[in-house]
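Notes follow once the structure below has been shown.
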Amino acid sequence: MDQIIFHAYPQSPVSEKVRVGFGIKNLTWSSVEVPRIPPKPLLMPLTGGYRRAPVMQIGADVYCDSQGILRELERRFPEPTFYPGGSDGMVWGVSRWTDGTLFDETVKLVLGAAADELPEAFAKDRGRLYLGPNADLKAVQADLAHVISQIRPQIGWMDQRLSGGRKFMLGDHPGLPDAVAYYLIWFIRGRWAKGPEFLSQFPSVEAWEQRVSALGHGTQSDMTGEEALEIAAAAETSTPEEIDPLDPLGLKAGDRVSVVPDVDGGETGVEGPVHLLDRERIAILHEDPEVGRICIHFPRVGYRVTAI
Ligand SMILES: N[C@@H](CCC(=O)N[C@@H](CS)C(=O)NCC(=O)O)C(=O)O
C-alpha cells in the first residue's frame, strides 16, 4: 500500500509546493499537522532529528525535503508526469534556482517586512535557520528595497515565460516548474502585506497563479501524529538495499553516516547506516524505540553526507 502521509503545516510554503504536486497528480493523501517550531515530538521518531517541513511518510519509508518527495511521487505515481513533453533532467535546475537564490531572498523579504510583529520564539528560530548565527531581522528590514530589487527581476522571468498565452511553464500541461515556482508566489502574496500590490505588476504570473491554484491539492484527509507513528511501527521499509559503486564518497552498504542540510542552519545531522545510495538519493536506516526500523531518504543535492 502506497498510503501517503504528509507531515507539514498549512502556512509552510515549501509544503505548498508539494501540495501542488499532489494536485498535479490528483493524489489522495493524509495530512499530519506538525508544530511550526521545535519541539516536534511526533515527527522526530520518523526523521531521526530532521526538523524541517515537509516530510512524507509511506509506511516505514520517510522522505525528507520537497525535492526528494516530488522525485519519489514521480517514481511511484508516474502519470500524469511532472515532466510533460519529456522535460526531465535540467528541469530540476529550475527547482535549484527557486529553492536557492529566490527562496533565500523571499524568506528575507517576508521575515524582514514582519520583523516588528513576529512572535519572538518564531523570529529567533527562523533567524537562526535561514540567516545564520548572527541573524539580524532589523538589518534585513532596513535593506528591504535591495531585497525587492533582487526578487523583482526573477519574478519578471516567470512573467516573461508565461506571457503570450502559455498556460503553464512548459505549455498546456502543468509540471515540476509550476510547482517549484508557484509556492514562492503563494508565499509572497499570503505572507507579505504588500505582496498583492507587488504582484499586480506581473499580469501573466497572476493569471497563471489562478490556474495553478485551480489544480487543487488532490484529496486530503486528516491523520494524527500518533496514527502515523503506529503505521510506521507496523510497516517494514519497501526500499531494497542498493549502492552506487561510482559514488564519489566511496560509501558501502552499512557504513554509518550523518546527513544534514548543507547550509549553516544550526541543524542536527541524521545518523545511521547507509541503505541506498545513488546519484540523486541517499537513504539510511534508523532505529527508534517508538517505531522500530525506519528508512529515511534525502536528496543528494543540498545535503552533506559525512562518514562517522
Ligand atoms: N530544502 C527543504 C527546505 C524546507 C524548509 O526550509 N521548510 C521550512 C518551512 S516552509 C521549514 O522547515 N521551516 C522550519 C520548520 O518548519 O521547522 C525542502 O525543500 O523541503
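The values are calculated or read from the model by the stated rules, or taken from the named source; none is laboratory data. The structure displayed is predicted, hence computed values, not measured ones. Counting neighbours? That spans all protein chains shown, and the Cβs are built from the backbone with ideal geometry, glycine included. Surface accessibility is based on the protein's heavy atoms, side chains included, excluding ligands, DNA and RNA. Shrake-Rupley method; radii C 1.70, N 1.55, O 1.52, S 1.80 Å.
Observations on the structure shown:
- Any hit, the range 185-193, residues being of a type outside the set (V, I, T), assigned by TED's automatic domain parsing to the domain that holds V110 and either loosely packed, with under 14 Cβ neighbours inside 10 Å or over 28 Å from G23 (Cα atoms) (or both): yes
- Strands (runs of 3 or more DSSP E) fully within the range 2-106 counting 2 or more residues that are open to solvent by 20 Å² or more (accessible area, probe 1.4 Å), more than 8 Å from the ligand (Cβ to nearest atom) and under 30 Å from E120 (Cβ atoms): 28-33
- The range 167-184, residues that are open to solvent by 20 Å² or more (accessible area, probe 1.4 Å) and within 23 Å of the chain's Cα centre (by Cα): L170, H173, P174
- Here L229 meets each of (1) farther than 22 Å from Q67 by Cα; (2) within 16 Å of the ligand (Cβ to nearest atom) with one exception, condition (2).
- Tabulated pairs, the range 76-100, first closer than 23 Å to G302 by Cβ, second at pLDDT below 95, C-beta under 8 angstrom, 6+ apart or interchain: R76/D2
- Matching residues in the range 274-295 - criterion: being in a strand (DSSP E or B) and within 16 Å of P45 (Cα to Cα): A283, I284, L285, H286, E287, D288, G292, R293, I294, C295
- Any hit, the range 153-161, residues being crowded, with 20+ Cβ neighbours inside 10 Å and not assigned by TED's automatic domain parsing to the domain that holds I58: yes
- Residue match in the range 128-138 (condition: part of a loop (DSSP other than H, G, I, E, B), free of Cβ contacts under 8 Å to residues at least 24 places away in the same chain and acidic (D, E)): yes
- Boolean, D116 is touching a helix residue (DSSP H, G or I) at 6+ places or on another chain (Cβ under 9 Å), free of Cβ contacts under 8 Å to residues at least 60 places away in the same chain, closer than 30 Å to L137 by Cα and assigned to a loop (DSSP other than H, G, I, E, B): yes
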